[in-house]
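Asks: Provided herewith is a single structure, encoded as structure tokens, for subsequent inquiry.
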Amino acid sequence: FKSDDADMYICSNFDWFDYAIKRGINRNKLVVVGEYLMDDIYDRISQMSRTKSDKIEILFITAPTVVHGLWKPGMRDEVVTKTVKAIKAQVVDITKLRIKIHPTSERLEDYKRIINKIDSSIDIIQMDDLLSLIYQSDLVITFAQSTALLQVLLLNKPLFIINFFNETLPYIEEKVAIECKSVDVLIDKIKDGSYSKIDVDRVRAFVEKQLYKFDGKCGERAADQILLLLK
């Protein structure tokens with residue numbers, strides 16, 4: 001939006017719409033269609049099926065905070081170690097834990113070094129399909145913001161964010177994730193079963209703000225607008 005030199009601007013959400021107006025773009029040239037990269041996810045979700053486990057399936061999604069220079073390695077190690085140790089010590093009988101690390105920006109060796117000191121039988125996954133892993137889970141844990149978290153909300157999975165270092169994250173501010181400044185919060189909610197409670201209306205409003213519409217038709221809406229312009 002450096003200059004108003006296009007005939008149409010296709011925006012994925014109203015945040016971009018508002019930003020464009022602030023940059024001086026003519027509002028009559030702006031259309032909001034949704035995030036068309038999510039159309040494929042919408043189609044895949046409608047075809048997924050799951051076999052229910054007798055244990056609570058926990059997916060721990062990590063993030064490349066160290067690689068991006070946001071955290072020191074010791075900070076990551078502390079969060080992962082304390083979280084995994086607490087789960088193994090207090091709810092191991094009713095849960096199954098899997099860890100999903102970033103496919104390209106994190107090293108499997110780093111997580112093996114941390115996890116093998118606790119329990120070498122815990123699955124550490126790097127290359128498997130993330131959407132399928134989230135779908136097969138009952139709740140998701142993470143410690144930083146990533147694009148994966150939108151998929152968690154789209155699949156209506158409870159989201160816990162371990163926040164030992166008092167970071168400001170929109171998922172916490174908008175109350176679509178449960179903030180855990182200590183692992184005790186996570187453990188208590190697993191034990192009493194309240195982990196499964198989701199504020200559906202709040203999550204829906206957050207998703208609409210981020211994506212406008214999640215209906216598999218964002219690309220179609222964009223194409224329709226382009227055809228109208230050409231006509």
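The values are calculated or read from the model by the stated rules, or taken from the named source; none is laboratory data. Please read all numbers here as calculations on a predicted model, not as lab measurements. No Cβ is skipped: glycine too gets one built from the backbone with ideal geometry, and neighbour counts run over all protein chains shown. Only protein heavy atoms, including side chains, enter the accessible area calculation; ligands, DNA and RNA are left aside. Shrake-Rupley method; radii C 1.70, N 1.55, O 1.52, S 1.80 Å.
Asks: Would you check if there is a residue in region 179-201 being closer than 20 Å to LEU37 by Cβ and open to solvent by less than 60 Å² (accessible area, probe 1.4 Å)?
Replies: No, region 179-201 has no match at all.
Asks: Is it true that some residue in region 144-165 is at pLDDT 95 or above, open to solvent by 60 Å² or more (accessible area, probe 1.4 Å) and within 24 Å of ASP77 (Cβ to Cβ)?
Replies: Yes, region 144-165 has at least one match.
Asks: If LYS112 meets every condition in (1) in a loop (DSSP other than H, G, I, E, B); (2) at pLDDT 95 or above apart from one, which number is that one?
Replies: (1)
Asks: Name the single residue, out of those in region 208-223 being farther than 15 Å from ILE45 by Cβ and more than 17 Å from the chain's Cα centre (by Cα), that is least open to solvent (accessible area, probe 1.4 Å).
Replies: For region 208-223, the residue satisfying everything is ALA222.
Asks: Looking at SER146, SER121, which is the one that is within 20 Å of GLN90 (Cβ to Cβ), of a type in the set (Ser, Thr, Tyr) and either in a loop (DSSP other than H, G, I, E, B) or over 11 Å from the mean Cα position of the chain (by Cα) (or both)?
Replies: The conditions single out SER121.
Asks: Could you check, for region 88-97, whether at least one of its residues is of a type in the set (Lys, Arg), surrounded by fewer than 19 Cβ atoms within 10 Å (Cβ to Cβ) and modelled with pLDDT of 95 or more?
Replies: yes
Asks: Right, another one. For region 1-48, which residues satisfy the criterion of being open to solvent by less than 70 Å² (accessible area, probe 1.4 Å), in contact with a Ser or Thr (Cβ under 9 Å, 6 or more places away or on another chain), outside any strand (DSSP E or B) and closer than 15 Å to GLN225 by Cα?
Replies: Passing the criteria: VAL33, GLY34, GLU35.
Asks: Taking region 49-62 only, how many residues are at pLDDT 90 or above and either surrounded by 12 or more Cβ atoms within 10 Å (Cβ to Cβ) or in a helix (DSSP H, G or I) (or both)?
Replies: 8
Asks: Next question, about the same structure. Within region 145-186, restricting attention to residues that are touching a residue at least 40 places away in the same chain (Cβ under 8 Å) and among the small types (Gly, Ala, Ser), which residue is farthest from ASP129 (Cα to Cα)?
Replies: Filtering first and then ranking leaves SER146.
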